[in-house]
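Each reported figure results from applying straightforward, stated rules to the coordinates on display, with no laboratory input. Just so you know, these numbers come straight off a predicted model, no measurement behind them. Cβ coordinates were reconstructed from backbone atoms using ideal geometry, including for glycine residues, and neighbour counts include every protein chain displayed.
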Amino acid sequence: MYTSFENTGNNAPKYTQGLPYPTAPMSIAAGQPYPSQHSYSTGRVSGSTPWSTGLCHCCDDPANCLVTAFCPCITFGQIAELVNRGEPGCARSGTIYAILMGFTGLACLYSCFHRSKLRGQYGLDESPSADCLVHFCCEPCALCQEYRELKNRGLDMGIGWEANMERQNHGTTVAPSVGSMMR
């Protein structure tokens, strides 16, 4: 059946005849329609929020920008530890990233999955493009943006998952460990 729509001026189409457009997508497993998650007025997924900083705002945190430019495995390891809730740790994730970068040059395929996981945890937009495309085209910028996002959400990137959780549970700051003090 033919469906037409006209623009009402507020970016939401007005449907004039036939079946409502778009039809509800079908769940393949259950054969039941499920609600569309897209808002036609904004083009964003319902309930999603924008990133706290843009993809190309790397210089908002110059220290992290330099670390990521020369050794992205450090930044990735810190992100992965927090996104994966501590397991595997920073060193293991960073080492896997470095090995993939050294042997295949495609560590972006590994890191893009962590971006997807981060977005899912915080309800972030998939912008400016698909996660794997962002990491493939702009790996350092994507890592810097993810780092800044976690930092802007109150996580201390240098202390790891466990110390961040302890700090949140106790409401205090955690001093760095110096070692045992013996007299």
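Report the full-extension gain for the segment PHE70 to SER48: residue separation times 0.36 nm, less the Cα-Cα distance, to one decimal in nm.
4.7 nm
Taking H as built 1.01 Å from N, whose amide H comes closer than 5 Å to the amide H of LEU124, not counting residues under 5 places away?
HN-HN under 5 Å from LEU124: THR49.
Distance between the C-alpha centers of the range 51-69 and the range 108-151? Whole Å please.
Result: 13 Å between the Cα centres.
Quick check for me: using +1 on Lys/Arg Cβ and -1 on Asp/Glu Cβ, what's the dipole size of the range 79-132 about its Cα centre, in debye to the nearest 20?
100 debye
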